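Reading through the structure tokens given below for one structure.
All of the numbers you see were taken from the coordinates with simple rules; none came from a lab. This structure is a prediction, so every number in the text was calculated from the model and none was measured. Backbone-built Cβ (ideal geometry, glycine too); neighbour counts: all protein chains shown.
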Amino acid sequence: MTGWSFVASGLGIGYAPKAPGTFGSLLGLFLGALLLTAGHIPLLFAILLITAIGVYAVGTLASAAEDPGWVVIDEVAGQMIPLLALTHLSFLGLAFSFALFRLFDIVKPGPVGWADGRHDEYGIMFDDVIAGLLALAVIFLLRLVVKL
């Protein structure tokens, strides 16, 4: 395993025998929650940095056109995005963030599916970024009726 494949695998989490995308999302949720305790700016900075590093790392892979299942840095970055909608950490907020991101990542509605269809490092990374942005928008709407 090269250094960049280790990064693309979410520091090895992508090699989980079952549900590597879910484990990558859990890593993103954990890291995002830790960063959110420091504020929204550090969280946003980390999302941008992980996304940029992810695009480069995935671009170094010969198999990038296939979106290998072990590549989960995209889930790490995407899962952190909906946390930006939370004003504070709460179990309910984390649960909605995780569930909505995974839903949009799996179902791939509209622009998520379009990005996924690119079959390059940008598609691999940005389908999850878009899924995260959709989850962010839904959480902002949910905050109008539920305290998250």
Tally of residues being within 22 Å of LEU48 (Cβ to Cβ) and crowded, with 21+ Cβ neighbours inside 10 Å across segment 86-99: 3
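If you take the residues of segment 107-125 that are touching a residue at least 40 places away in the same chain (Cβ under 8 Å) and assigned to a helix (DSSP H, G or I), which of them is surrounded by the fewest Cβ atoms within 10 Å (Cβ to Cβ)?
Start the filter on segment 107-125 by keeping residues that are touching a residue at least 40 places away in the same chain (Cβ under 8 Å), which leaves 116, 119-125.
Adding the requirement that they be assigned to a helix (DSSP H, G or I) leaves 116, 121-125.
Values: ASP116: 18, GLU121: 22, TYR122: 15, GLY123: 19, ILE124: 26, MET125: 28.
This residue is TYR122.
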Selected residue (only one of LEU48, LEU103, LEU29 is under 15 Å from the mean Cα position of the chain (by Cα) and crowded, with 21+ Cβ neighbours inside 10 Å): LEU29
Single residue of segment 1-21 satisfying the filter (of a type in the set (Val, Ile, Thr) and either assigned to a helix (DSSP H, G or I) or touching a Pro at 6+ places or on another chain (Cβ under 7 Å) (or both)) that is surrounded by the fewest Cβ atoms within 10 Å (Cβ to Cβ): VAL7
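Please pick out the residue among GLY54, GLY78, GLY59 that is surrounded by fewer than 24 Cβ atoms within 10 Å (Cβ to Cβ), in contact with a helix residue (DSSP H, G or I) (Cβ under 9 Å, 6 or more places away or on another chain) and small (Gly, Ala, Ser).
So the residue among GLY54, GLY78, GLY59 that is surrounded by fewer than 24 Cβ atoms within 10 Å (Cβ to Cβ), in contact with a helix residue (DSSP H, G or I) (Cβ under 9 Å, 6 or more places away or on another chain) and small (Gly, Ala, Ser) is GLY59.
The rows are residues; the columns are (1) out of contact with any strand residue (DSSP E or B) (no Cβ under 9 Å at 6 or more places or on another chain); (2) closer than 23 Å to LEU141 by Cα; (3) in a helix (DSSP H, G or I); (4) in contact (Cβ under 8 Å) with a residue 24 or more places away in the chain.
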{"site": "PHE23", "(1), (2), (3), (4)": "yes, no, yes, yes"}
{"site": "ALA33", "(1), (2), (3), (4)": "yes, yes, yes, yes"}
{"site": "LEU48", "(1), (2), (3), (4)": "yes, no, yes, no"}
{"site": "ALA52", "(1), (2), (3), (4)": "yes, no, yes, no"}
{"site": "GLY69", "(1), (2), (3), (4)": "yes, no, no, yes"}
{"site": "PRO82", "(1), (2), (3), (4)": "yes, yes, yes, yes"}
From LEU134, LEU148, residue being within 21 Å of HIS40 (Cα to Cα) and not in a helix (DSSP H, G or I): LEU148
Qualifying residue in segment 69-84 (condition: within 17 Å of HIS119 (Cβ to Cβ), among the aromatic types (Phe, Trp, Tyr) and out of contact with any His (no Cβ under 7 Å at 6 or more places or on another chain)): yes
